[in-house]
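The values are calculated or read from the model by the stated rules, or taken from the named source; none is laboratory data. Not measured: the values here are computed from a predicted model. Every residue, glycine as well, gets a Cβ built from its backbone with ideal geometry; the counts of neighbours run over all protein chains shown. Just the protein is used for accessible areas: all its heavy atoms, side chains included, with ligands, DNA and RNA removed. Shrake-Rupley method; radii C 1.70, N 1.55, O 1.52, S 1.80 Å.
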2 protein chains.
Amino acid sequence: METPPLADVIINSFDGYSAEVRKAARFVLDNPRDVALLSMREQARRAGVQPSTMMRLAKQLGFEGFDPVRDAYADAMRNPATSFEGKARDQQRLQDLGGDQALAAKIVASVTRQLQSLSAAEQLVRLSDAATLLAGARRVYCLGLRASHPIAWQLNYILSLVGDKSVLLDDIANTGSDRIRFAGKEDVLFAVTVTPYTQLTLDIVDYAHKQGVPVVALTDSPVSPLAKRATITIATTTESPSFYHSMTPAFLLAEILAVLVAGQGEKETLEALRQVDSYHASLGTHATTRPHPTATPSKEIQ
Amino acid sequence: METPPLADVIINSFDGYSAEVRKAARFVLDNPRDVALLSMREQARRAGVQPSTMMRLAKQLGFEGFDPVRDAYADAMRNPATSFEGKARDQQRLQDLGGDQALAAKIVASVTRQLQSLSAAEQLVRLSDAATLLAGARRVYCLGLRASHPIAWQLNYILSLVGDKSVLLDDIANTGSDRIRFAGKEDVLFAVTVTPYTQLTLDIVDYAHKQGVPVVALTDSPVSPLAKRATITIATTTESPSFYHSMTPAFLLAEILAVLVAGQGEKETLEALRQVDSYHASLGTHATTRPHPTATPSKEIQ
DNA sequence: GCTTTAATGAAACAAATGTTGCAAGAAGCG
DNA sequence: CGCTTCTTGCAACATTTGTTTCATTAAAGC
């Protein structure tokens, strides 16, 4: 909490307060954390003030009661990186918005908060360890079904840009996972699933685990059923204000993981990327400033 | 709070807990801050558990009641030395980190910054407008190839959970886009591509545009070739400190869009979600609390 | 100095909290 | 199958919570 919430407001109007309210305000200024962590009465006790005085302070600050004040401080503690000024502004603006926009903004805020926790120390260590494991593997099998598909796909896609050792365990006609049969100790299985855990994913991981294949798990808790079979577990949250959980944090983790793995084979990566470019150039996969020969010039396309 | 209090203890004895206590333990593991900031009953509610279960967890951890548990977490939040609150400290730490971890942290920081800009006012308006357009469509065609695949897939997936009007323009044997032939003015094409723009995507959008199909574009610039054919353009950045651009912001936008669209048909959404549940229940798609019959008990797996 | 206004503390309130005990149910065992 | 043990939800408990009200006190204005 770099800039405690309401600090400016309190300081500005401090002189206008009465003696007792000042004591309360002073306590809030000096012990921002306790505002969130202690009961109002306990704070009153410590500030040497009546509970009603805390109440009066809250109202003078423009709140209905003390709970909103505590909420403000609690929010600030939940998300240490975002300064309160920005948050207050956002909060204010949120109330002016329609339902859709407000929900959208809420989701962004929630996911942003979760992303920040991804750079916690152990998280980084795990990512780095997982990257090393993947980079050393003969083959990387990527497994993510249903909601987790984009995550597994993304890892496989990026790894495929820089080499041919990645295999996506997904295919039509229910043959998706067949190739896991060829995995061994020198390979690695990258598996993703979150609540509600896909049974098939667990089954496949279980099989691979028994075959001695190291498993890198990306899931939503260190105690998820996936984590139990994993060599390295990378955990993230999927919380969201909406009915559907967000896969965005997991998606970012997969991207980061892929980039780290690619980075470990520096020379090969560069060489591979050069090949990708010339490959696509000759196929006309991408639009250039001038579209490829068979298409009409872009200006006329408009 | 780098290492949340009791985390090790909980993880270690997790397997010894009963199903309900596990739910509680899991919540504590996943939401360490809320343990300090919320009332026990509120935590029980969020964990989907009875207050008594929280009590049981506390006792199994060797405490008299829940208050001592909360105190432990509160202490961790108060003391900046053991918490990861300090931005400055993070910065400091970054410099001590190895290349991989530093890069990972940088990517997180970069993407976080970009996400925050997604809740800019105009962005929200566009999202909301796009959602309305999509919600009113007879059919929604989702198109995203190569790097943009996860984004289009995600929108289609979520929409498919709550209805049958979404079509993913992707299929094997180069027949992916054929179904766009049936699109008309009452439908909407949701198309995604970023630099380097996939030519095929542009071609398909071009075709649809000529047929009078409204287009919602998700791309990396308001002046991208995709934007020119679009009714509504949602723009985001794909910047990243690494060699590969990040699709995470676009991914989040697609998630939000999907949720907004689903939210517009409130009753139908709820009904559909209920159907989804019973459908998967009868197919056994998802793992239940108890591991499925064929798997060995978790203790032995570890 | 008397009246009006504001500030303070104490008591009372309903609501929510942490906690306990118990009965119904499920799981495990012989 | 019956018996026991463990698990789970429910209802009740006494506290504590946030909040309101009101009488008392201090200050300010004329």
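Name the residue, out of B:Thr82, B:Thr132, that is more than 9 Å from chain A (Cβ to nearest Cβ) and either at pLDDT below 95 or within 30 Å of B:Lys185 (Cβ to Cβ) (or both). Don't jump to the end; show me each part of the working.
Working: B:Thr132 fails: more than 9 Å from chain A (Cβ to nearest Cβ).
Every option except B:Thr82 fails the conditions.
Quick one: is A:Gln95 more than 18 Å from the chain's Cα centre (by Cα), farther than 27 Å from A:Asp34 by Cα, facing chain B (nearest Cβ under 8 Å) and at pLDDT below 90? Show your work before the answer.
Values: more than 18 Å from the chain's Cα centre (by Cα): yes; farther than 27 Å from A:Asp34 by Cα: yes; facing chain B (nearest Cβ under 8 Å): no; at pLDDT below 90: yes.
For A:Gln95, the condition - more than 18 Å from the chain's Cα centre (by Cα), farther than 27 Å from A:Asp34 by Cα, facing chain B (nearest Cβ under 8 Å) and at pLDDT below 90 - is not met.
Each row is one residue, and each column tells you yes or no for (1) out of contact with any strand residue (DSSP E or B) (no Cβ under 7 Å at 6 or more places or on another chain); (2) away from DNA strand D (no atom under 16 Å from the Cβ); (3) at pLDDT 80 or above.
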residue: B:Ser242; (1), (2), (3): yes, yes, yes
residue: B:Leu257; (1), (2), (3): yes, yes, yes
residue: B:Gln264; (1), (2), (3): yes, yes, yes
residue: B:Leu273; (1), (2), (3): yes, yes, yes
residue: B:Val276; (1), (2), (3): yes, yes, yes
residue: B:Ser282; (1), (2), (3): yes, yes, no
residue: B:His286; (1), (2), (3): no, yes, yes
residue: B:Thr289; (1), (2), (3): yes, no, no
residue: B:Pro293; (1), (2), (3): yes, yes, no
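Exactly one condition in (1) more than 7 Å from chain B (Cβ to nearest Cβ); (2) open to solvent by less than 10 Å² (accessible area, probe 1.4 Å); (3) assigned to a helix (DSSP H, G or I) is false for A:Leu260; which is it?
(1)
Can you say whether A:Ser221 is crowded, with 20+ Cβ neighbours inside 10 Å, away from chain B (no Cβ under 11 Å) and over 22 Å from B:Ala254 (Cα atoms), as far as the supplied structure shows?
Numbers: crowded, with 20+ Cβ neighbours inside 10 Å: yes; away from chain B (no Cβ under 11 Å): no; over 22 Å from B:Ala254 (Cα atoms): yes.
When the stated conditions are applied, A:Ser221 does not pass them.
Hey, A:Asp75 hits all of (1) away from DNA strand D (no atom under 14 Å from the Cβ); (2) acidic (Asp, Glu); (3) surrounded by fewer than 17 Cβ atoms within 10 Å (Cβ to Cβ); (4) within 12 Å of chain B (Cβ to nearest Cβ) but one; which does it fall short on?
In the conditions (1) away from DNA strand D (no atom under 14 Å from the Cβ); (2) acidic (Asp, Glu); (3) surrounded by fewer than 17 Cβ atoms within 10 Å (Cβ to Cβ); (4) within 12 Å of chain B (Cβ to nearest Cβ), A:Asp75 misses (3) alone.
Suppose we filter the range A:214-257 for residues that are of a type in the set (A, V, I, L, M) and part of a helix (DSSP H, G or I); how many remain?
Taking the range A:214-257 first, the residues of a type in the set (A, V, I, L, M) are A:215-218, A:223, A:226-227, A:230, A:232, A:234-235, A:247, A:250, A:252-254, A:256-257.
Now narrow it down to the ones that are part of a helix (DSSP H, G or I): A:226-227, A:250, A:252-254, A:256-257.
Number satisfying all stated conditions: 8.
Quick one: count up the residues across the range A:2-40 that are open to solvent by 70 Å² or more (accessible area, probe 1.4 Å), without any contact (Cβ under 8 Å) to a residue 12 or more places away in the chain and closer than 24 Å to B:Asp71 by Cα.
Of the residues in that region, 1 qualify.
Residue by residue through the range A:230-257, note down the ones that are open to solvent by less than 10 Å² (accessible area, probe 1.4 Å), among the small types (Gly, Ala, Ser) and within 9 Å of another protein chain (Cβ to nearest Cβ).
Of everything in the range A:230-257, just one residue is open to solvent by less than 10 Å² (accessible area, probe 1.4 Å), among the small types (Gly, Ala, Ser) and within 9 Å of another protein chain (Cβ to nearest Cβ), namely A:Ser246.
Let me confirm something: among B:Ser110, B:Ser117, which residue is among the hydroxyl-bearing types (Ser, Thr, Tyr), more than 7 Å from chain A (Cβ to nearest Cβ) and open to solvent by 40 Å² or more (accessible area, probe 1.4 Å)?
On the way: B:Ser110 fails: open to solvent by 40 Å² or more (accessible area, probe 1.4 Å).
Within the list B:Ser110, B:Ser117, the selection yields B:Ser117.
In the range B:47-58, which residue that is part of a helix (DSSP H, G or I) and either crowded, with 20+ Cβ neighbours inside 10 Å or facing chain A (nearest Cβ under 10 Å) (or both) is farthest from DNA strand D (Cβ to nearest atom)?
Applying the first criterion (part of a helix (DSSP H, G or I)) to the range B:47-58 yields B:47, B:51-58.
Now drop any that are not either crowded, with 20+ Cβ neighbours inside 10 Å or facing chain A (nearest Cβ under 10 Å) (or both), which leaves B:47, B:53-54, B:57-58.
On the way: B:Ala47: 10, B:Thr53: 6, B:Met54: 11, B:Leu57: 10, B:Ala58: 13 Å.
Out of the qualifying residues, it is B:Ala58.
For B:Thr193, are the conditions met, namely being more than 22 Å from B:Leu127 (Cα to Cα) and either touching a Gly at 6+ places or on another chain (Cβ under 6 Å) or surrounded by 15 or more Cβ atoms within 10 Å (Cβ to Cβ) (or both)?
Details: more than 22 Å from B:Leu127 (Cα to Cα): no; either touching a Gly at 6+ places or on another chain (Cβ under 6 Å) or surrounded by 15 or more Cβ atoms within 10 Å (Cβ to Cβ) (or both): yes.
In short, no.
Considering every residue within the range B:165-172, establish whether at least one is closer than 20 Å to B:Thr193 by Cα and either in contact (Cβ under 8 Å) with a residue 60 or more places away in the chain or assigned to a helix (DSSP H, G or I) (or both).
First, the residues of the range B:165-172 that are closer than 20 Å to B:Thr193 by Cα: B:166-172.
Checking the rest, the ones that are also either in contact (Cβ under 8 Å) with a residue 60 or more places away in the chain or assigned to a helix (DSSP H, G or I) (or both) come to none.
The answer is no, given that none of the residues of the range B:165-172 is closer than 20 Å to B:Thr193 by Cα and either in contact (Cβ under 8 Å) with a residue 60 or more places away in the chain or assigned to a helix (DSSP H, G or I) (or both).
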